[in-house]
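Quick one: this structure, given as structure tokens, is what I'll be asking you about.
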Amino acid sequence: MSERESMAYDVVIVGAGPAGLAASIRLKQLANEAGRELSVCILEKGSEVGAHILSGAVIDPRALDELLPNWKDLDSPLTVPVTENHHWVLTATKKYSMPHLMMPPFMNNKGTYTLSLGNLCRWLAGQAEALGVEIFPGFAAAEVLFHENGSVKGVATGDMGVARDGTHRPDYQPGMELHGKYTFFAEGARGHLTKELKRIFDLDANSQPQVYGIGLKELWDIDPAKHEPGRVIHTQGWPLDDAWGGGFLYHQANNQVALGFVVALNYKNPYLSPFEEFQRWKQHPAIREVLEGGRRVSYGARAINEGGWQAVPRLQFNGGALIGCSAGFVNVPRIKGSHTAMKSGMLAAEAAFEAIAAGREADELTAYEGALRSSWIADELKMVRNVEPMVAKFGGTVGTLLAGADMWMRQLRIGLSFTMRHHPDNETLWRKDMARPIAYPKPDGVISFDRLSSVFLSNTNHEEDQPIHLTLKDAEIPVEVNLAEYDGPEQRYCPAGVYEYVEEGGRPRLQINAQNCVHCKTCDIKDPTQNINWVVPEGGGGPNYPNM
């Protein structure tokens, strides 16, 4: 600790995603309006802003309209408005279009844009820096710092140059402490510091457990004759039968399509592989038709919050707040969360600025919690709060019908007041003797691919001589529990080939190929005994997504 240098700011923000960047911009706007100085910094573990950002994405500009009303004049990347909106129900060989009249009005994509969320974040970073925000990419917040009274003091970045055995390499550099009057945690879904804060401050004592999906995505250059800018397609049904989720295909700029597949992580069959389901989905005639003649240029994966309103924890604690997907504001049926993440950051910024202007620091930003729970974020998420648990309880077909009816009733203001419950994703797996193995087709190398060639396209890189960031609380559990009872599900739920069982001395052993990790956090979520704990590697490690 004595080796660390420290820097003090008014507000420290962990994560340069939509929430963190929006918060920083709003803080600087308020300071400028009041004619006072306010120091704000953002730590970003990716090698650059946007390197770890992955989303579909179809963006609702509602929060952006509030934050930067003149964004259309600022050379923003929102250049492709959604022009067509399709929802397909797939069988193995056919598709059936769901009429728009069946969908509640708030489910349409009128006024939205399809683009790379990573590029939106890069643009927002430019706006923030122009206002004086200091952004430090390549520095991972590895530890929460506390005052003696238990309030959050800030964060410390991870040490650089630590060898796998814990010794210091010649390039060793100790981490840096960043102290703030308030610290915002905008780590995204399943942030490792957020996990600790929830435990320490018991933030989820009065909320349902957060539940998740895994989203896998590819970017393709396609035949210009097939490209329809602004065309948005969502699918449900095939190939999933004993799990729920669906696909998306968005026609974006420059003759590219962003396509992907989301699988809810409450699935039961330990033999299910979300990656293989995605590759199989691409072989559907309606999807393959778009991709044939094209070229895959990028791949990635990321966990998605799916718990909705009832899983939102207490948002503030002494010295800090959770914003964006660290708290979980994704509107699951709309498949959108960037606008709610940005708005949460803006509301936290307004509460922090008011507190600092009043001479306060390191106390609870109760104004933030109150403002958010009376905002349009709350209105939007309450409307759809039963969708995910209904589908989880009743299955894809019946659950979708019930969820649709529930949304319509709430749209018409005749909805019932009940709120359904969630169950943790790690508790849902069947034992291997209760499950049916799934035989997935081999990749053809044209439309479908294997995991290792896919990880190559994510530009993932980690310093190999560093401690493994996928830690095990008990090294015996993978073989004695996961392999023995579930046939090693981590081999299949990981979308990057990080986990494999190998023979060593006549016994199986779990091998962790940490250099492949794309930071999706699925293992931290789905591991049956919660034995895997994801922590940050050296800053700058992980995927380097160009425009995902």
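Name the residues of region 389-431 whose amide N is less than 18 Å from a point 7 angstrom out from the Cα of K268 along the C-beta direction?
Correct set: 389-400, 421-431.
Sticking with this one: Are any of the pairs K153/K382; K217/K526; K181/K473; K195/K442; K226/K336; K94/K268 more than 28 Å apart by Cα-Cα distance, and if so, which?
The pairs that break the limit, which is 28 Å between Cα atoms, are K153/K382; K181/K473; K195/K442.
For region 381-521, report the accessible area per residue in Å² (1.4 Å probe, heavy atoms, rounded to an integer).
53
Now for a separate question. Out of A349, L401, A327, whose Cα points farthest toward the positive end of the dipole of region 320-402 (charges: +1 Lys, Arg; -1 Asp, Glu; placed on Cβ)?
Going by the charge dipole, the pick is L401.
Can you run phi through the Karplus equation (6.51, -1.76, 1.60; θ = phi - 60°) for region 398-408 and list ³J(HN,Hα) in whole Hz, with x for Gly and Pro?
Coupling constants for region 398-408: 5, x, 5, 5, 5, 5, x, 5, 5, 5, 4 Hz.
Exactly which chymotrypsin sites (Phe, Trp or Tyr not before Pro) in region 129-204 are in a DSSP loop and have at most 13 other Cβ atoms within 10 Å?
Of the chymotrypsin sites (Phe, Trp or Tyr not before Pro), not one in the loops of region 129-204 has a Cβ with at most 13 other Cβ atoms within 10 Å.
Rounded if a/c is under 1.5, else prolate if a/b beats b/c, else oblate: with a ≥ b ≥ c from the C-alpha gyration tensor eigenvalues square-rooted, which is region 349-490?
oblate
Highest first, please rank the peptides 125-138, 16-29 by the mean number of other Cβ atoms sitting within 10 Å of their residues.
16-29, 125-138
Also, I was wondering about something else. Are there any chymotrypsin sites (Phe, Trp or Tyr not before Pro) in region 370-444 that are in a DSSP loop and have at most 12 other Cβ atoms within 10 Å? List them by number.
Here the sparse-neighbourhood loop sites are F418.
Take the alpha carbon gyration tensor of region 427-548, find the square roots of its eigenvalues, order them as a ≥ b ≥ c, and report rounded if a/c is under 1.5; if not, report prolate when a/b exceeds b/c, else oblate.
It comes out oblate by the Cα gyration axes.
If the only charges are +1 at each Lys and Arg Cβ and -1 at each Asp and Glu Cβ, what is the size of the charge dipole of the chain around the Cα centre, to the nearest 20 debye?
1860
Taking a label point 7 Å from the Cα of K393 along the Cα→Cβ vector, which residues of region 289-333 have an amide N closer than 19 Å to it?
Correct set: 306-312, 332-333.
Report, to one decimal in Å, the Kirkwood hydrodynamic radius for region 498-547 based on all distinct Cα pairs.
Value: 12.8 Å, from the Cα pair sum.
A follow-up question, please. Taking all protein chains in place and a 1.4 Å probe, what share, in percent, of the accessible surface of the chain do carbon and sulfur account for?
51
Next question, about the same structure. Please list the non-local residues whose amide H lies under 5 Å from the amide H of R231, H modeled 1.01 Å from N, same-chain partners needing a gap of 5 or more.
Amide H to amide H, under 5 Å and 5 or more residues apart or across chains, R231 pairs with T83, E84, H251.
Calculate one ³J(HN,Hα) per residue across region 355-365 by plugging θ = phi - 60° into the Karplus curve 6.51 cos²θ - 1.76 cosθ + 1.60, and present them in order as whole Hz with x for glycine and proline.
5, 5, 4, 8, x, 8, 6, 6, 10, 8, 8
If you count only protein heavy atoms with a 1.4 Å probe, what accessible area per residue comes out for region 86-146, rounded to a whole Å²?
48
Further, regarding this structure: Karplus couplings for region 23-34 from phi (6.51 cos²θ - 1.76 cosθ + 1.60, θ = phi - 60°), rounded to Hz, Gly and Pro as x?
Residue by residue, region 23-34 yields 4, 5, 5, 5, 4, 5, 4, 5, 5, 5, 4, 8 Hz.
Also, I was wondering about something else. P(r) for region 109-191: what percent of alpha-carbon pairs falls in each 5 Å bin, starting at zero?
3, 10, 14, 17, 17, 16, 11, 7, 3, 2, 1, 0
Where does the chain land at 222 nm, in deg cm²/dmol rounded to the nearest 500, when only DSSP H runs of n ≥ 4 count, each adding -39500 (n - 2.57), divided by all residues?
So the helix-based figure for the chain works out to -7500 deg cm²/dmol.
Determine the percent antiparallel among the DSSP beta bridges restricted to the chain, to the nearest 5.
Among the beta bridges of the chain, antiparallel pairing accounts for roughly 70 percent.
Can you give the log10 of the normalised intensity I(q)/I(0) at q = 0.12, 0.21, 0.22 Å⁻¹, computed with Debye over equal Cα scatterers of region 210-276?
Here log10 of I(q) over I(0) equals -0.37, -0.85, -0.89.
Let me ask something additional. Return one whole number: the accessible area per residue of region 148-217 in Å², for a 1.4 Å probe.
Spelled out: the 1.4 Å probe surface of region 148-217, per residue, equals 41 Å².
Shape call for region 21-115 from the C-alpha gyration tensor, a ≥ b ≥ c root eigenvalues: rounded (a/c under 1.5), prolate (a/b greater than b/c) or oblate?
It is prolate, given that a/c is not under 1.5 and a/b is the larger ratio.
Okay, next question. Can you list residues whose amide H is under 5 Å from G308's amide H, if they're 5+ apart or on another chain and H is modeled 1.01 Å from N?
The list, which skips near neighbours in sequence, is V330.
The values are calculated or read from the model by the stated rules, or taken from the named source; none is laboratory data. Bear in mind that the values here come from a model prediction, so they are computed numbers and not experimental data. Ideal geometry is used to build each Cβ from the backbone, glycine not excepted, and the neighbour counts take in all protein chains shown. The protein model used for the area step is the full one, side chains on, heavy atoms only, and it has no ligands, DNA or RNA in it. Shrake-Rupley method; radii C 1.70, N 1.55, O 1.52, S 1.80 Å.
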